[in-house]
Every structure is written in structure tokens, then in C-alpha cells.
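The values are calculated or read from the model by the stated rules, or taken from the named source; none is laboratory data. Values in this document were obtained by computation on a predicted structure and should not be read as measured data. Because the Cβ atoms are built from the backbone with ideal geometry, glycine has one as well, and the counts that use them run over all protein chains shown.
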Amino acid sequence: MRTDQPALSVVVPMYDEEQVLPMFFARMRPLLDGLGITYELIVVDDGSRDRTATLLLEAAKDWAQLRVVRLLRNSGHQAAQSAGFRRARGEYVVTIDADLQDPPEVIAEFLTAVRDQDVDVVYGVRSDRSSDTWLKRTTARMYYRLMCRLVGKEIPFDAGDFRLVSRRVVDAVNSLPEDGRVFRLVIPWLGFPSAEVKYVRAERAAGTTKYSFSKMLRLAFDSVTAFSAAPLRLATWLGLLGGMLSGVFVIGALVIKLTGRSIPGWTSTVLAVSVIGAIQLLCLGLLGEYVARLFQSSQRRPQFLVGYDSLEDHGHHTFAETIDETD
Ligand code: UDP
Ligand code: MG
């Protein structure tokens, strides 16, 4: 263990947050100072175009524990979290949004939970979403339903990116070779023992949302494609369906032709369109199957993580060392 390792790293991605930043620091600093443990506050400036960076560097002058990491350009909330995870030195790492929707006071509850329950992950779970709009609530519910299916695991509903993880989880996440990871899915997928702390999500304290519609869509696409090749296989099923339908069409068209009720040229047109359509979809589906295999092998995720080995049981086992054991 390095001597410069603080007990806690708090990672905050910020994109154009000049309005909320002073409030955030005013509330965060007394809280962190009062925890009675060593800490670092890592603000990842995700390519802000406003005065966020200036304000950060100013604040860091008389706040030794404030660490400013700047990304060259706007890379997105998840990428900013990845950067924070790589840089964090703490024994525990908390991720939190800058807009004070996640109350910083809950961090103290996270720390109590992780110590009392001997877990590696503590999820912050929203106990009510009344501060969100109807649209946000509905789309969020659809998102979590779908994700539970895809990840094939219980993922905590309404857990965003406000959580605490142990060093073992940080190392495990950092050693995943894939790009474009979605933290709220990858962390449950890893399967470390976890607990939940309920909290009430507040309104954004100042400024406007930095999650544009296109960024939300991006997150949804990343979420689906990181865990499932099902969309690629859609063409196969459509092709099979089309094949069956075209069988019916062919018979129908021939019957109509033989009973002499068809216009010249109609039969051959129907045959060509339906049969060729089905063949094309099937071929696309076949391509999809191969692309799916390539995709899965290019993710290079570990096949399993070992949680316990009696041979190595010295009271404290490490998950991260075993992460490279692919079959
Ligand atoms: N954020 C970021 N990069 C982006 C978009 C957002 O670092 O491209 C940060 C933002 O500064 C905030 C957090 O991610 O700290 C969550 O964003 P926001 O609160 O705007 O999302 P919402 O709560 O509206 O879903
Ligand atoms: Mg927010």
C-alpha cells in the first residue's frame, strides 16, 4: 500500500458547471473535512467551455485535497468517470454528480454501510423520483427493465452513478479492456457483494442539465450494445419470418394465376419481391451472427472472477488479481 493513499477518493465529473460549482464546494468541503479520514476530491473537468476550469484551479490553491483533472475535450459523463477511476488513489471511491442532486451527506452513510456490512459496493438508490419529470421517470423505468434483462442480473433499479466502491472494484473495472463502459451496468455485472442506501434525489441546485437528448440516446445505445448482440440477430428472425410469408405468397400467387384471375406480370413480381426480400434478410442475419461473434470476442471480458479461494484465505482476498483468468 502506498503511503500517499487516501482513505477516500470522491470523483466528480463536471461539464459546464460554473453556476453550481461554488455551491457544490461550499457544501462538500465541510462534509469531507468532517469525516475524519484522509481524502481527495477529484474533479474531472469534461472539456467545459465556461469558467469551470478557472474556478477549479482557483479553488485548488487553498484546498490541498482538491485535485483537478481536465479532459482535452468533452468526452461524456461515463468517460469522465473512467478517467476519475484511473486517477483515484483512495481505498474507497465515491462517484457523485456536481449538481447536488445527490446529497453529499449520504457519503457518510455509504462509509458506515461498507464497514458494517463488509461489502465492496454501496449503491445510492433513489427512494422517490418525484423531482423528475414524467417523461424522465417513464424512460428511466423502461431503461432499467431492459437492462435487467440484458445484464442477466439484478441491477438495482433507480441506482444512477452515485455509489461507493472498494479498491478491489476499482482495480477490476480498470482492468476491463473494453471501451465505452457504462458504469451502472458494468459494476453490478462484476458481481461483488453489495448493499444499498436509499436517498431522496433533489432538484438540480443551479444551471441546466448537461445530459442532452442525444447524450441520453448514446447512453442507451451503449448500454444495449455492451451487453447484447440481440439487435444484430433481429435480421435473422425477420428473414425466417419473411421466408415463411413468402411461401404463403408464392402459393397464393400461383393459385390466383392458375384460376386465371391475375393481371399479366403480377405473379412474377410478387414472387421476385417476396423471395428475394426473404433471402436478403437471411443473409443480413447471417452477417449479423458473425459480427456478433467478433463483437463478443473483441470485448475480451473475463469469463469469471474468483471471489474466494481457501488456499489464499488470509482474511483478505483480492479479486483484482484473478481478473485475467479467461478460460
Ligand atoms: N457531465 C459530464 N459530461 C457530460 C455531461 C454531463 O461530465 O458530457 C456531468 C455533469 O456535469 C454532472 C453529471 O455529469 O456532474 C450529471 O449530469 P446532469 O446532472 O446534467 O444529468 P441529469 O441529472 O440531468 O441526468
Ligand atoms: Mg443532474
Some residue of the range 161-170 being within 16 Å of ligand 1 (Cβ to nearest atom), within 13 Å of the chain's Cα centre (by Cα), surrounded by fewer than 22 Cβ atoms within 10 Å (Cβ to Cβ) and not acidic (Asp, Glu): no
Residue match in the range 57-72 (condition: over 17 Å from Leu21 (Cα atoms), crowded, with 16+ Cβ neighbours inside 10 Å and at pLDDT below 95): yes
Some residue of the range 294-302 being at pLDDT 75 or above and more than 30 Å from Pro193 (Cα to Cα): yes
Residues that are in contact (Cβ under 8 Å) with a residue 12 or more places away in the chain and either surrounded by fewer than 13 Cβ atoms within 10 Å (Cβ to Cβ) or among the aromatic types (Phe, Trp, Tyr) (or both), drawn from the range 23-36: Phe24, Phe25
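Quick check, is Asp97 in contact with a Ser or Thr (Cβ under 8 Å, 6 or more places away or on another chain) and either at pLDDT below 95 or closer than 22 Å to Leu35 by Cβ (or both)? Full working, then the answer.
Details: in contact with a Ser or Thr (Cβ under 8 Å, 6 or more places away or on another chain): no; either at pLDDT below 95 or closer than 22 Å to Leu35 by Cβ (or both): yes.
The answer is no for Asp97.
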Those residues of the range 167-208 which are over 26 Å from Arg149 (Cβ atoms) and of a type in the set (Asp, Glu), in sequence order: Asp171, Glu203
Residue in the range 171-222 that is nearest to the chain's Cα centre (by Cα), counting only those that are more than 14 Å from ligand 1 (Cβ to nearest atom) and under 17 Å from Met142 (Cα atoms): Leu185
Every pair of residues 6+ apart whose Cβ atoms lie under 7 Å, when the first sits in the range 115-142 and is touching a residue at least 12 places away in the same chain (Cβ under 8 Å) while the second is exposed (fewer than 14 other Cβ atoms within 10 Å of the Cβ) and among the acidic types (Asp, Glu): Ser131/Glu203
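If you go through the range 96-111 one residue at a time, do you hit one that is away from ligand 2 (no atom under 16 Å from the Cβ) and within 22 Å of Ala206 (Cα to Cα)?
There is at least one residue in the range 96-111 that is away from ligand 2 (no atom under 16 Å from the Cβ) and within 22 Å of Ala206 (Cα to Cα).
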Residue among Thr267, Thr322 that alone is crowded, with 16+ Cβ neighbours inside 10 Å and modelled with pLDDT under 75: Thr322
